[in-house]
1. Taking the condition under 13 Å from H161 (Cα atoms), touching a helix residue (DSSP H, G or I) at 6+ places or on another chain (Cβ under 6 Å), small (G, A, S) and assigned to a helix (DSSP H, G or I), does A220 pass?
2. List the helices (runs of 4 or more DSSP H) inside the range 94-176, counting only whole elements, that have at least 2 residues being in the same structural domain as E323 (by TED's automatic domain parsing) and either more than 25 Å from L39 (Cα to Cα) or within 12 Å of ligand 1 (Cβ to nearest atom) (or both).
3. Filter the range 1-40 down to the residues that are crowded, with 18+ Cβ neighbours inside 10 Å and on the phi > 0 side of the Ramachandran plot and list them by number.
4. Could you check, for the range 280-292, whether at least one of its residues is among the hydrophobic types (A, V, I, L, M, F, W, C), in a strand (DSSP E or B) and either in contact with a strand residue (DSSP E or B) (Cβ under 7 Å, 6 or more places away or on another chain) or closer than 20 Å to G186 by Cβ (or both)?
5. Among the residues that make up the range 127-140, is at least one of them touching a strand residue (DSSP E or B) at 6+ places or on another chain (Cβ under 6 Å), more than 16 Å from ligand 2 (Cβ to nearest atom) and in contact (Cβ under 8 Å) with a residue 60 or more places away in the chain?
6. Could you list, ordered by first residue, the pairs with Cβ atoms under 6 Å in which the first is in the range 180-199 and under 11 Å from S291 (Cα atoms) and the second is within 11 Å of ligand 2 (Cβ to nearest atom) and assigned to a loop (DSSP other than H, G, I, E, B), at least 6 apart or interchain?
7. Which ones in the range 92-111 are near ligand 2 (Cβ under 10 Å from one of its atoms) and closer than 17 Å to G14 by Cβ?
8. With the requirement that a residue be within 16 Å of ligand 1 (Cβ to nearest atom), farther than 27 Å from D305 by Cα and aliphatic (A, V, I, L, M), what does the range 189-240 give you?
Amino acid sequence: MSRASVTITLTGAGGQIGYAALFRIAAGDLLGPDTPVRLRLLEIPQGLRAAEGAALELQDAAFPLLEDVELTDDPGTAFDGANLAFLIGARPRTAGMERGDLLAANGGIFGPQGRAINDRAADDVRVAVVGNPANTNALIAQSNAPDVPPERFSALTRLDHNRALGQLSAALDVPVSHIRDVIIWGNHSASQFPDVAHATAEGRPVPDVLAARFGSEAAARAWLVEAFIPRVAKRGAEIIEVRGSSSVASAASAAIDHVRDWVLGTGDRGWTSAAIVSDGSYGVPAGLVSSFPVTSDGRDWTIVDELVIDEFSRTRIEASVLELQEEREAVRALGLV
Ligand code: NAD
Ligand code: LMR
């Protein structure tokens, strides 16, 4: 039976990630085969022509679930009645930059969009920020939407989570579908902490599997510190170096995974990672948008609580949170929050 249609706003629709995401959303990969979608595409004037091309192709694909596509350069129009919003439109970094270097260029985008969401979106709006630096851009949007409950804003660390699954799968020769409960803590930046202390592979604790694979606990720890953690945390830079531009299809796929799990629930698949407004859990100052292990009941993210965090992990989490605090100070100084 067909359900009521859902209005989805996507910013940066003329860009790379927008192009990769739109066709999967319209095909039903986000909300399933019974939910029609109405797309609102936001671009800046220079990007409208490319977004118009994407809209023409969406029409040509004749997706049965796609009810409507509207294209605009006005944030108020774009977010009017939005149930879901993907905030993708922002400049990507190039080789040699860190994502935080984009704050000055991109931060200014998210205040006006937050205000438009506040004034025009549907009462149940949920927002996923992809544009970098994603955590702090989400903080800017959320701070500019005082009438929207803060828990409706999130930023993407699902790409990092999926990258961690991919690296573990390759190292352990176990399919990704048999690995559970990996965590990304902190910022979507090189300071993030990909944590496998609570993860399992085919039901066995990953630390034990790694110790067996590398011959000792010390060798497993060395692999985590010297290979796994930096590879996951710096994978975005690796993709830029190899492709010549930043990740696109994997980013669009992760954005869809993130919102799908939020809206449809994580079910019995264990937890995932998402950057959400901290409630003070695990010592992360309340109000920062930081990545946690989370589950969703289909309405809200819930932070997985009472995990035992050892000294090594705590130090890593604190370092990433410190960077988030510095980013918050920087955008305060720019008057963006
Ligand atoms: P892109 O340059 O191909 O596309 C960006 C699009 O955004 C452009 O068409 C541009 O015109 C548009 N845009 C700029 N300002 C806008 C505004 N105010 N409103 C609406 N649209 C606007 O870039 P891309 O490869 O699609 O990447 C987009 C962003 O996503 C970048 O910031 C990139 O760093 C980030 N990203 C994040 C993750 C993640 O995991 N969080 C992963 C990959 C990329
Ligand atoms: C990624 O992680 O691939 C994106 O955030 C793009 C980047 O700049 O690394």
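The values are calculated or read from the model by the stated rules, or taken from the named source; none is laboratory data. Remember, predicted model here, so these are calculated numbers, not experimental data. All Cβ positions, even for glycine, are placed from backbone atoms using ideal geometry, and neighbour counts span all protein chains on display.
1. no
2. Fully inside the range 94-176 and qualifying: 158-172.
3. Once the filter is applied, which keeps residues that are crowded, with 18+ Cβ neighbours inside 10 Å and on the phi > 0 side of the Ramachandran plot, the range 1-40 yields only G12.
4. Yes: one or more hits.
5. Yes, there is a match, as at least one residue in the range 127-140 is touching a strand residue (DSSP E or B) at 6+ places or on another chain (Cβ under 6 Å), more than 16 Å from ligand 2 (Cβ to nearest atom) and in contact (Cβ under 8 Å) with a residue 60 or more places away in the chain.
6. I184/T157; I184/Q192; G186/Q192; H188/T157
7. Correct list: P92 only.
8. Those that are within 16 Å of ligand 1 (Cβ to nearest atom), farther than 27 Å from D305 by Cα and aliphatic (A, V, I, L, M): A237, I239, I240.
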